[in-house]
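Report on one structure; see the data block that follows.
The values are calculated or read from the model by the stated rules, or taken from the named source; none is laboratory data. Everything quoted here is computed from the prediction, not taken from an experiment. Please note: Cβ atoms are built from the backbone with ideal geometry, for glycine as well, and neighbour counts cover all protein chains shown.
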């Protein structure tokens, strides 16, 4: 007789794929393609993508948008026991918000060599004076996230170059 084992309805891969879809939505409106989900007990309670340009808000990073929505949905800024899935390594601001929200686990895809505050530039979660420890997993769908970011910035550079060339055409 075989033991009946329950498997989670959604896996980390499933949640990261949904975060990638959100990142794609950001790219479609000209935002840096980063998406994030807050998951509690297997349910998505918050989601977001970068909106810094469209919202005229330097704090409207995907992680912040997802954390805000999750907190509103549960009526508490403390998101204890919840996981955050994000397509890019969080920056300093987002790491601070993750700590304050008491996120249990962070799963991110691609590293951020210029501003990553988890492993790349800084390792803020490893500082001993914070009163909350976040479990960190990285690299899930990293290639896909990196490709999306590279393509976005390549297209942006090409568009900028084309616009500049048009300005130099004599009338």
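Mind checking whether some residue in the range 49-62 is assigned to a strand (DSSP E or B) and touching a helix residue (DSSP H, G or I) at 6+ places or on another chain (Cβ under 7 Å)?
The answer is yes; a qualifying residue exists.
Pull out all pairs, ordered by first then second residue, where Cβ-Cβ is under 6 Å, the residues are six or more apart or on different chains, the first lies in the range 54-65 and is touching a residue at least 12 places away in the same chain (Cβ under 8 Å) and on the phi < 0 side of the Ramachandran plot, and the second is crowded, with 18+ Cβ neighbours inside 10 Å and part of a helix (DSSP H, G or I).
61/94; 63/94; 64/97
Hey, can you tell me all the residues within the range 66-84 that are within 26 Å of residue 148 (Cα to Cα), out of contact with any helix residue (DSSP H, G or I) (no Cβ under 7 Å at 6 or more places or on another chain) and free of Cβ contacts under 8 Å to residues at least 40 places away in the same chain?
Residues satisfying the conditions are 66, 68, 69, 70.
Looking at the range 126-169, which of its residues are modelled with pLDDT under 95 and touching a helix residue (DSSP H, G or I) at 6+ places or on another chain (Cβ under 7 Å)?
If the condition is that a residue be modelled with pLDDT under 95 and touching a helix residue (DSSP H, G or I) at 6+ places or on another chain (Cβ under 7 Å), then 130, 132, 152 are the ones that fit.
Looking at the range 110-129, is at least one residue under 13 Å from the mean Cα position of the chain (by Cα), surrounded by 15 or more Cβ atoms within 10 Å (Cβ to Cβ) and under 22 Å from residue 10 (Cβ atoms)?
Yes; the residues of the range 110-129 include at least one that is under 13 Å from the mean Cα position of the chain (by Cα), surrounded by 15 or more Cβ atoms within 10 Å (Cβ to Cβ) and under 22 Å from residue 10 (Cβ atoms).
In the range 112-143, which residues are closer than 24 Å to residue 44 by Cβ and without any contact (Cβ under 8 Å) to a residue 40 or more places away in the chain?
Matches in the range 112-143: 112, 118, 125, 132, 133, 134, 135, 136, 139, 142, 143.
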